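Report on the structure given below.
The values are calculated or read from the model by the stated rules, or taken from the named source; none is laboratory data. Please read all numbers here as calculations on a predicted model, not as lab measurements. In this analysis, Cβ positions are derived from the backbone assuming ideal geometry, glycine residues included, and neighbour counts consider all displayed protein chains.
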Amino acid sequence: IKIDGITEDIMSIALKQAKEARLNILGQMNQVISEPNAASKNAPKTKVIKIPTDTIRDVIGKGGETIRGIVAQSGASVDVDDEGNVNVFANDTESFEKAVQMVKDVTAVPELNKVYMGKVAKIVEFGAFVTIMPNQDGLLHVSEIAHERVEKVEDHLKEGQEIEVKVLGIDRGRIKLSRKALIDK
């Protein structure tokens, strides 16, 4: 110790008293407020969502249509950068959560063997295209509609009809669906 007159014993006692005082102060502070107050539901909210760079075009949409739709429907501000960072800002919790969910829905990737509620988007000679997620259509081949032979797709499905389908496979972005996998024989 460089200061004359202060022994190690005095210094040890002083440090011990300082520690006790500090712990006492922290204990009293903890009694008054142990955790921060929750933010008001009307407080502005912001979040950065990281998305794969190949889904940036899905969030933006043709001519900015999708991102403008998210902004219009949610009331939140949404910005996307080239690295896949989606900045969501909203003045209230409801708008914020709606915008975040819409971004997640647009960038969601279908899972193999998962069952989705889809909407028949278009009927073609060899089956039907079913929308299972925003910007995600899959092919329900005529052989996967029912267990019995299907002559005309229109006899089993109508455009706009909601049906349950199972994802059988995903090949180079093409989604193969089945309805008969969910129907008992």
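Details
- Filter result for the condition that a residue is in contact (Cβ under 8 Å) with a residue 12 or more places away in the chain, farther than 25 Å from residue 70 by Cα, buried (at least 18 other Cβ atoms within 10 Å of the Cβ) and touching a helix residue (DSSP H, G or I) at 6+ places or on another chain (Cβ under 8 Å), over 145, 163: 145
- Residue in the range 97-106 that is more than 26 Å from the chain's Cα centre (by Cα) and either among the acidic types (Asp, Glu) or assigned by TED's automatic domain parsing to the domain that holds residue 54 (or both) present: no
- Per-region count, the range 148-160, residues aliphatic (A, V, I, L, M), over 25 Å from residue 111 (Cβ atoms) and touching a residue at least 12 places away in the same chain (Cβ under 8 Å): 1
- Here the range 166-183 is the region considered, the condition is being among the small types (Gly, Ala, Ser) and touching a residue at least 24 places away in the same chain (Cβ under 8 Å), and the residue that is nearest to residue 111 (Cα to Cα) is 169.
- Listing of strands (runs of 3 or more DSSP E) fully contained in the range 21-98 that carry 3 or more residues being of a type in the set (A, V, I, L, M, F, W, C) and surrounded by 11 or more Cβ atoms within 10 Å (Cβ to Cβ): 85-90
- Only one entry in 42, 37, 91 is over 23 Å from the mean Cα position of the chain (by Cα) and modelled with pLDDT under 95, namely 37.
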